[in-house]
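Trainee: The structure that follows is given in the form of structure tokens.
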Amino acid sequence: MNERLETGACFCGAITAELRGEPLSVVYDHDDDCRRAVGSPLTIWIGYPSGQVSFTGGAPKTFSKTPGVERSFCGDCGTTIAYRDAGIPGETHICIGFMDNPERFPPQGHAFWRLKLPWIEMTDSLPRIEGTSRERDPAIGDPVLRKCG
């Protein structure tokens with residue numbers, strides 16, 4: 001059996017990536033921190049072990065406002081690419097909008113359900129998780145509580 005290989009690219013094509021193997025998670029994210037960073041009422045993050053994510057063309061720029069969370073994006077077109085959280089080491093979470101074939105990543109649940117905008121109606125039967133969908137290092141803490149002003 002062949003290893004799963006997925007690819008992604010930003011809107012202008014300056015940043016490309018290959019993702020190998022099966023994702024750890026695929027979740028809707030209703031977190032207000034991500035909402036602001038992505039510029040959308042919610043997004044879908046695809047979690048991979050960091051060693052299975054390779055940037056094959058260009059290098060994303062990074063930004064951090066929330067302590068321990070590093071976000072990446074294309075410095076040319078602004079496409080959101082990924083985030084890494086010190087509370088979940090060894091994982092990279094790729095924005096579904098960066099993926100070449102997003103239809104191959106059906107979501108498995110809703111993270112930060114407690115922060116969902118009240119006018120968003122979700123009719124699926126996926127799990128509604130009040131906080132994060134990934135186990136975090138308790139010493140790092142919840143990103144909602146780590147926000148900077």
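Trainee: Could you give the C-alpha radius of gyration of region 1-86 expressed as a fraction of 2.2 N^0.38 Å, taking N as the number of residues it contains?
Mentor: Normalised by 2.2 N^0.38 Å, the Cα Rg of region 1-86 equals 1.10.
Trainee: Sorted by accessible area with a 1.4 angstrom probe, largest first, how do 112, 55 fall? Please report the intermediate quantities before stating the final value.
Mentor: On the way: 112 10, 55 70 Å².
Listed by decreasing accessible area, they come as 55, 112.
Trainee: Could you check how much of the accessible area of region 5-149 is carbon and sulfur, as a whole percent, using a 1.4 Å probe?
Mentor: Details: 3870 of 7290 Å².
Roughly 53 percent of what the probe reaches on region 5-149 is carbon or sulfur.
Trainee: Sticking with this structure for a sec: Using a Förster radius of 25 Å, what is the FRET efficiency between residue 139 and residue 64 based on their Cβ-Cβ separation? Nearest 0.05, please.
Mentor: Efficiency, from the Cβ-Cβ distance: 0.85.
Trainee: What whole-number volume per residue, in cubic angstrom, does the convex hull of the C-alpha atoms of region 86-142 give?
Mentor: Numbers: hull volume 6.6 nm³, N = 57.
Here the figure is 117 Å³ per residue.
Trainee: Moving on to the next point. Quote the relative contact order of the chain in percent (integer), defining contacts as alpha-carbon pairs under 8 Å separated by 6+ residues. Mind showing how you got there, number by number?
Mentor: Details: 304 pairs, mean separation 37.9, N = 149.
Rounded, it is 25 percent for the chain.
Trainee: To continue, here is another question. Under a no-solvent Debye model with one identical scatterer per Cα of region 34-78, what's log10 I(q)/I(0) at q = 0.25, 0.26, 0.30 Å⁻¹?
Mentor: The calculated log intensity ratios at q = 0.25, 0.26, 0.30 Å⁻¹ are -1.26, -1.29, -1.28.
Trainee: To continue, here is another question. Can you give me the P(r) profile for the chain? Cα pairs, bins 10 angstrom wide beginning at 0, each as a whole percent.
Mentor: With a bin width of 10 Å, the distribution comes to 11, 43, 36, 10, 0.
The values are calculated or read from the model by the stated rules, or taken from the named source; none is laboratory data. As the structure is a computational prediction, the values presented were derived from the model and not from experiment. When we count neighbours, we look across all protein chains shown, and the Cβ atoms used for this are built from the backbone with ideal geometry, even at glycine. To get the accessible areas, we keep the full protein, side chains included, count just its heavy atoms, and leave off ligands, DNA and RNA. Shrake-Rupley method; radii C 1.70, N 1.55, O 1.52, S 1.80 Å.
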